[in-house]
Amino acid sequence: MTKPAFFQVAIDGPASAGKSTIAKILASQLHFVYVDTGAMYRAVTVAAKKAGLSYDDEAGITALLPTIQIDFEPGQPVQKVFLNGEEVTEAIRSIEVTNNVSLVSSYGAVRSDMVEKQRAMTEKNPVIMDGRDIGTTVLPNAQVKIFLIASVDERAARRYKENKEKGMKVDLETLKDEIKARDYKDSHRAISPLTKAADAIEVDTTGIGIDEVVAKIKKIIEEHRA
Ligand code: DC
């Protein structure tokens, strides 16, 4: 196995397990570049909507890919995301996008295009990349692979709180059903389904505070850097 020139940390796991929160804090503490791959699939979903395409139009979305440029910029409290120069940081988190991104991200051409873009982001800097297939497909030689999990109840409660803070009202049971549906779709798609890499370390965040999870993963990273 060839070790990547720049250090790579892959964080995979189901929706709302805390991947992006944890990855962002670790990236800032370790001075690594943070790559939120879910945001990239979400940006493609927004691009499809803007082009007036139906989310089930695989051929239309495939044809759109060469015109899609996705960029990240540092921002607080979240990284800013741009689609062809236009900021889509909020648009990619809409309920419509959240409920259709699993379908759009299941298309082979979408995945190979995103994987290519994601790998290119590892060439000049150490990275922490979060997603569903990072340890298995995108960065199979990553020095550290983490598989972050949490119970459905806890993940729904976290999303409920986030939504409430954003002024969105969605009931807890609906959120649970949406999370279960997305877990199912993400784990059962034909290409690069959500699975734990054989060499990934599982970290269960149920009932554990963010600081504790960050400290635990930081220790694992430091052990591998030594
Ligand atoms: O992490 P997230 O909820 O922002 O991800 C949005 C969707 O994108 C998720 O339903 C599955 C998909 N995704 C993927 O297929 N592969 C990745 N590496 C990241 C996300």
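The values are calculated or read from the model by the stated rules, or taken from the named source; none is laboratory data. Bear in mind that the values here come from a model prediction, so they are computed numbers and not experimental data. Cβ: placed from backbone, ideal geometry, glycine included. Neighbour counts: every protein chain shown.
Can Ala47 be described as crowded, with 18+ Cβ neighbours inside 10 Å and without any contact (Cβ under 8 Å) to a residue 40 or more places away in the chain? For Ala47, the condition - crowded, with 18+ Cβ neighbours inside 10 Å and without any contact (Cβ under 8 Å) to a residue 40 or more places away in the chain - is met. The set of residues from the stretch 152-168 being touching a helix residue (DSSP H, G or I) at 6+ places or on another chain (Cβ under 8 Å), at pLDDT 90 or above and within 16 Å of Lys19 (Cα to Cα) comprises Val152, Arg155, Ala156, Ala157.
Which one is nearest to Lys145 (Cα to Cα) among residues in the stretch 178-200 that are buried (at least 18 other Cβ atoms within 10 Å of the Cβ) and away from the ligand (no atom under 12 Å from the Cβ)? Among those residues, the one meeting the criterion is Ala200. For the subset of the stretch 67-96 comprising residues that are in a strand (DSSP E or B), within 16 Å of Tyr41 (Cβ to Cβ) and not aliphatic (A, V, I, L, M), which member is nearest to the ligand (Cβ to nearest atom)? Among those that are in a strand (DSSP E or B), within 16 Å of Tyr41 (Cβ to Cβ) and not aliphatic (A, V, I, L, M), it is Phe72. Would you be able to tell me the number of residues in the stretch 98-136 that are more than 9 Å from the ligand (Cβ to nearest atom) and either under 17 Å from Ala27 (Cβ atoms) or polar (S, T, N, Q) (or both)? So the answer is 13.
Could you tell me which residue of the stretch 128-145 is surrounded by the fewest Cβ atoms within 10 Å (Cβ to Cβ), considering only residues that are under 13 Å from the mean Cα position of the chain (by Cα) and under 21 Å from Thr206 (Cα atoms)? Going through the qualifying residues, I end up with Arg132. Checking Met40 against (1) under 15 Å from the mean Cα position of the chain (by Cα); (2) more than 12 Å from the ligand (Cβ to nearest atom), only one condition comes out false. Which one? Unmet for Met40, out of (1) under 15 Å from the mean Cα position of the chain (by Cα); (2) more than 12 Å from the ligand (Cβ to nearest atom): (2). Show the residue pairs that are 6+ apart or on different chains and have beta-carbon atoms under 7 Å apart, the first residue being within the stretch 11-24 and modelled with pLDDT under 95, the second being away from the ligand (no atom under 11 Å from the Cβ) and among the small types (Gly, Ala, Ser). Listed by first residue and then by second, the contacts come to Ala17/Ala150; Gly18/Ala150.
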